[in-house]
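All remarks here apply to the structure that follows.
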Amino acid sequence: SDNVWREAPIDHSSDNVRREAPIDHSSDNVLDDAYGKLNTVLVLTKSDLLPSAATKARLLEWSRRRARAGGIFEPIGVHLVSSHTGWGVQKLLSQLEELCGDEGEVWVMGAQNAGKSSLINAMSGYRGGTKSNKLLARAPVTASTMPGTTIGVVEVKNVLPAPHRMLDTPGLLHPHQLTPRLSPEEVKCVLPRRALKPRTYRLSKGAAIHIGGLARVDVEDCPGSTMYLTVWASSDIVCHFGKIDKAEELFQKHAGSLLQPPIGDAERLKELGRWEPFDVDVEGGSYKESTTDVAIGGVGWVGVGVVGTAQLTRRQVWTYPGIGVTTRAALIPDFAKDLETPGWSHTVTAAAKKMKSAPGKTGNAKHTPRGKQGRPGKGKPGRK
């Protein structure tokens, strides 16, 4: 009856919530025979999209822990990079050249929409891996016009010195992620284009947060009178803070319009299917920071700040069928500077303007963002 995966990598494919879910191994059938001969280098892309609170030390520790959960116990290197700014790319290239030895090849593998092809395009701007620090403007060499759709296996020229070769591969499809089910317009909303900004809420029993029309987090119970939830997702995803007993009505009225993504009418919502509930138990040790994350595959994650065990069972997280809902140690413990108030997130104004100008779409564009509720961590939140 335990539906929480507590000890990865034991297989609990029927469980609807996993604790520290392991890295996807869908490529293992290709590499099994050669695995002992391979050096593995982990690359954390899009580091420019993380806030300053996500320090290098935090990210390196977190990535190594996640790698161990996925069976990669001793990666040769772990690199934080930004394909947009070029930060960290030169250091990565230097290690790849060193590891190639006399005739080595580099196969670049990663999840769909992880920024893999953008990384290769950034590396191709460094004159074949020379020590120039200037990122040159060059045409993309591997990516197609749509995110997540690299066109076959592509040999990338002029990145590594001959006779070394670099090959880009199509992104690995993760069935537990939501993005492959979304339209190109919806994917653009979900994939962050700017640095992530936290949205922190102080909730009591009976409260609910909609994360666009993609997921909902309900607080069925908590150890004290309140707890903190911090949403980490693209700022183009509209959030709403309200009550559980009004949540379904809100979704039916605004999903696809003000509550975006998805984007569209009732037919679009029907294509995605009805939400399913996922039971989640979380434990924490502080009201001043998040100690546990609840991650929703392909959407983002919600940091939880609570003391004790929050008995958040009875259908606490809702999202579409088959989407992965996992718990893990918090990646970024920090709260937002100010708390959100009940109602729509600040992005709803822009969404409302879009809907007002878009033909055939409905939604009430009269909602306006509210003021901030105050600073988190003051007094004794969560206690009666």
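Could you grab the relative contact order for segment 190-239? Cα pairs under 8 Å, six or more apart, rounded to a whole percent.
Relative contact order comes out at 51 percent.
In units of 2.2 N^0.38 Å, what is the alpha-carbon radius of gyration of segment 227-330?
After normalising by residue count via 2.2 N^0.38 Å, the value is 1.12.
Near the amide H of Thr341, under 5 Å away, which other amide H atoms are found, from residues 5 or more places off or on another chain, if H is placed in the peptide plane?
Gln373
For the residue pair Phe73 and Lys246, what label-to-label distance in nm results when each label sits 7 Å from Cα along the Cα-to-beta-carbon direction?
Taking the simple label geometry, Phe73 and Lys246 are separated by 5.4 nm.
Would you please give the residues with an amide H less than 5 Å from that of Val106, counting only those at least 5 places away or on a separate chain, with H modeled from the backbone geometry?
Arg165, Met166, Leu167
In Å², and per residue, what accessible area does segment 172-221 have when probed at 1.4 Å with the other protein chains present?
39 Å²
Using a 1.4 Å probe on the protein heavy atoms, what percent of the accessible area of segment 203-316 belongs to carbon and sulfur?
46 percent
Can you compute the charge dipole magnitude of segment 215-283 about its Cα centre, using +1 on each Lys and Arg Cβ and -1 on each Asp and Glu Cβ, nothing else charged? Give it in debye, rounded to the nearest 20.
Computed about the Cα centre, the dipole is about 360 debye.
Using a basic spin-label model with each label point 7 Å from the Cα along Cα→Cβ, how many nm lie between Lys270 and Met109?
About 4.1 nm separates the two model spin labels.
On full extension of the chain, what length is gained from Glu61 through Ser204, given 0.36 nm per residue of separation minus the C-alpha to C-alpha distance?
Gain on extension, Glu61 to Ser204, equals 48.2 nm.
Determine ³J(HN,Hα), in whole Hz, for all residues of segment 103-112 in sequence, where each value follows from phi through the Karplus function 6.51 cos²θ - 1.76 cosθ + 1.60 and θ = phi - 60°; x replaces Gly and Pro.
9, x, 10, 10, 9, 9, 10, x, 5, 4
The values are calculated or read from the model by the stated rules, or taken from the named source; none is laboratory data. All of these numbers come straight from a predicted model, not from anything done at the bench. Methodologically, a virtual Cβ is constructed for each residue, glycine included, from the backbone with ideal geometry; neighbour enumeration extends over all protein chains shown. Accessible surface is based on the protein model in full, side chains and every heavy atom, while ligands, DNA and RNA are left aside. Shrake-Rupley method; radii C 1.70, N 1.55, O 1.52, S 1.80 Å.
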